Structure formats: C-alpha cells, structure tokens
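Chemist: Sharing a structure below in structure tokens format, with a few things to ask.
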Amino acid sequence: MSLTTAPTKCLDEKKGQEQTKSAWFQFLKPTNDPTFRARPQSVMTFKGDLTSLTAPPFLLAPTSIIEYSAYWAEHPKLFVAPALEPDPEQRALKVLQWFLSTLREQHAPKDESGRRKKLKPLNPFLGEIFLGRWVVTDDASVGVTELVSEQVSHHPPKTAYKIFNKAHGISLEGHVAPKAYFSTTINIERKGHGVLHIDRHDEDHLITMPKVHVEGIMTFQIAPELSGVSYIHSSSGYVSRVEYASKGWLLKGKSNSFVATLARSSEPSKPLYTLEGQWNKAYTIKKGGDKTKPTATVDLTGLRRTPLTLAPLAQQHPLESRRAWRAVAAAIDANDILAVGREKSAIENAQRALRREEQADGRVWPRRFFREVLIREDPVLARFADCDAVPALDDGATEGVSWRFDEDKYRLTLQNAAEGVKSPTHTRFDSGIGMIDDEILVAA
C-alpha cells in the first residue's frame, strides 16, 4: 500500500507547489492573459499602500498583524534585565541587547518547526485587541510580563501596545504604523516608536524600527530583510545606532547583517561598544570601536522563547484577535479558499457597515485602552526634544499623533469584566460575527 501512496503524495505536493508558485507570479505582476483580467490588481501595478491590497488566500497567514506586538517580550529575562542594572552605561547596553533579541523570530522566513511562514498576516480591524502574559516557569524572580495591544486605527493601520512587568517596574509602550509599497521589491516602512521606561531610575529609551524589504520575490524564495538604520536614545545620555545590511550590500556582505554602536549622546562618533554580526544567528561584542577584539559572543539561536499565555478561546472577549478571526484562521489552515474569502469578507463588510453608521451618527469608535497624544505635547517624548529622532516621528504616517496607554481605562475594563458590567455604548460586536448579548466592554 505504501509503495503506491507515497509517490502519489509526492506528486500532489509538487503539483500544489507549482500551482502556488504560478498564483504568486500572477499576483506579483500584470498579465495579458484575458483569463486573469478579473483578478485583483497586481503588486507591481498597485498604486498606494500595499497593506490595503487584497492578497490571494495562499499568501495569508492565520494570524493578525496585531500579534506582532508579542515579539517585543518573548524573552522576558532579557526584557527585565535593564531594570536590574545599576550602571547607566551597562543599562543602555542591556537595552540594546534586548532589542536585538526581538528581531530573529519577528523577521525569520520560517517558524520554529522549520515551515516557511506565510507572507501576508491579516489586517487588524479597528478595535481589535490582543491580550496575554509571559510566565517564566523555571525562574519565579522574573515575575509576570503582560501584553495589551489594540488596533487604534484601520486607515491608515496603527497598532498601539503596552508591555509591562510590575515586579521589576519596567514597561514598553508605543505604536507602529506600517506602510508597504513596491519599488524593485516589496518594501515596508514602520513608522511610530516605542518607549522603554524603567521606574527605578526614571529612565526612558526611545526606540525606532528598521525598514524591511522582501528578497527572493522573483525566485519564490521569499525572505524578509532589514535595511536602513534604527536608534535607541536613552534619557540618561546614551544612544545606540543599528545599521542593517543584506547579502551584497555594505558591511560584511552576509544576509541579516548589522553593526550596532553604543555611545554617549554628546559623542555619538566615539563608540563605547560595538556589536556586530547577524540578527538571526549570532553577534560579537567589542569594547570601543570596530578594530578592537571581541570580548563576548552572543548566540541568538540558543535563546529559549517563553510562550505567550492567552485566555482560552471561549473566555476571550469577542474583540480579541484569536476569537474574532478563528473562522478565517481555520479556513486558512484547511486551505479552503472559498471559506477564507467568505469568512474574511463577512468581517470586512461588517466593518464597513459599522463605519458608515458611525459617520452618519457623527460618532467615533472609542479606543479601549489607549488615548491620542500630540507628539509635540507628549511629556515622555519631550525628554528627547534635543535629539534627531523626535522630528522624524512627526510625519504623515503618524499624523503627528502618538498613542499612550491609559491606565484608568485599563483598570476600569478589568473591574467591569470582573463585575460583569455591560457597556451602555456598545451593542454589537464589530468584527462581523454579529450581535452579542453578553458583551462586556468599558464605558466610554
């Protein structure tokens, strides 16, 4: 029996791969074949932000972009490490090392089991939330690290997040506004910023993100690659600069390469430390400039990820990402193209209908956990008024607005949920599932 079924399976898999590759090239570039005239506009001819382009089902990942906030703290020990360091220079170094640890899994083309990741995650709907916590089971001293993430805008897309560990008095909050476009390849700019705050030292670290471009689109060996420069500005007087390069570019000519320097803000051209290597493999640490000998090597592949703990699906709020998208995710996993389109359209159409209702009534969807703050009036960013990063934050993608976590809203939401208080301002679940009688939401 196995002698006949194994080759058949092999042929089926090969046929599926060829069909996927063919569909990818039809999605990538225009065709004169009249058979495909009804297809969505191709990547190469699409004008505007590619995040709004409808992708074919075979490209869709069964998770929402809102879940990407979790990459910041999947190594809780590294996340809280700066809070335990009394020396400001060493704290800045630990912040830089924690940041580098967040890049590997976020941009890896394959997951932990070695399977190639889908290229296009689901676009979060306005009001979508993602909540979870990390608990390090083999070290109780780390404490609990919590995540609160909310989609605060859909057009343009913006995700706000807050990650905090109360035991160590350290938190990260900010927002990301991705914008994708085609120029030679698919490019993604991530506007927005993050601020890591350490209570014990009343210290902030302002973080910007690198650009991403997709390599291998013409050979179907699709892999994200980082480029450009990102910064970490510390209110204690230090700045980290991370320059990224891919194979054939500057630096060492290897894929996923970077060179990072940590220096005093007053003397940015005189590095105190230089970190160099590949963000998906390993890097060395040198005291001083690039010509000094390494004092340590960090193996990023050996880092153990702590799984994010979520509430059981049945206990999640209707607006929580995994519950809201469960039917779409199941259809993607089953490779049921018709079901993917049907379930995804149901959510998207309900979203459009709700936005029309709000516009007609002169209402705006109230954000659950975050509030808008003008960048020029943000008291946290005011600490960095003299550095080059702040002007770059105030651009068209962020519309001069920052999003800050509202502790009062968060506490009230938890209290209402515990007491079973229903919101008088929300009578329907806007993800497209329909009316829900037992919806528990914070009052506006």
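Chemist: Looking at K191, K162 in this structure, which one is in contact (Cβ under 8 Å) with a residue 60 or more places away in the chain, farther than 21 Å from L310 by Cα and part of a strand (DSSP E or B)?
Modeler: Values: K162 fails: farther than 21 Å from L310 by Cα.
Only one candidate passes the filter, namely K191.
Chemist: Taking region 224-237, which residues are crowded, with 20+ Cβ neighbours inside 10 Å and modelled with pLDDT under 90?
Modeler: E225
Chemist: Given the criteria at pLDDT below 95, polar (S, T, N, Q) and surrounded by fewer than 18 Cβ atoms within 10 Å (Cβ to Cβ), does S269 qualify? Full working, then the answer.
Modeler: Numbers: at pLDDT below 95: yes; polar (S, T, N, Q): yes; surrounded by fewer than 18 Cβ atoms within 10 Å (Cβ to Cβ): yes.
The answer is yes for S269.
Chemist: Is it the case, given these coordinates, that V152 is over 17 Å from L78 (Cβ atoms) and surrounded by 23 or more Cβ atoms within 10 Å (Cβ to Cβ)?
Modeler: Working: over 17 Å from L78 (Cβ atoms): yes; surrounded by 23 or more Cβ atoms within 10 Å (Cβ to Cβ): yes.
So V152 fits the description; yes.
Chemist: Taking the conditions exactly as written (open to solvent by less than 80 Å² (accessible area, probe 1.4 Å) and closer than 24 Å to A70 by Cβ), does A296 satisfy them or not? If you could, list the steps in order and put the result at the bottom.
Modeler: Working: open to solvent by less than 80 Å² (accessible area, probe 1.4 Å): yes; closer than 24 Å to A70 by Cβ: no.
So A296 fails the test.
Chemist: In addition: Just to be sure before I move on: is I129 open to solvent by less than 40 Å² (accessible area, probe 1.4 Å) and either touching a Lys or Arg at 6+ places or on another chain (Cβ under 8 Å) or of a type in the set (F, W, Y) (or both) in the structure I sent? Steps first, answer last, please.
Modeler: Numbers: open to solvent by less than 40 Å² (accessible area, probe 1.4 Å): yes; either touching a Lys or Arg at 6+ places or on another chain (Cβ under 8 Å) or of a type in the set (F, W, Y) (or both): yes.
Here the answer is yes, as I129 does meet what is asked.
Chemist: Ok, one more. Quick one: in region 306-364, of everything that is touching a helix residue (DSSP H, G or I) at 6+ places or on another chain (Cβ under 9 Å) and basic (K, R), which residue is least open to solvent (accessible area, probe 1.4 Å)?
Modeler: Filtering first and then ranking leaves K344.
Chemist: Would you call S240 open to solvent by less than 50 Å² (accessible area, probe 1.4 Å) and at pLDDT below 95?
Modeler: On the way: open to solvent by less than 50 Å² (accessible area, probe 1.4 Å): yes; at pLDDT below 95: no.
Judged against the criteria, S240 is not a match.
The values are calculated or read from the model by the stated rules, or taken from the named source; none is laboratory data. Since we're looking at a predicted model, the values are computed, not measured. Ideal geometry is used to build each Cβ from the backbone, glycine not excepted, and the neighbour counts take in all protein chains shown. Surface areas here come from the heavy atoms of the whole protein model, side chains and all, with no ligands, DNA or RNA. Shrake-Rupley method; radii C 1.70, N 1.55, O 1.52, S 1.80 Å.
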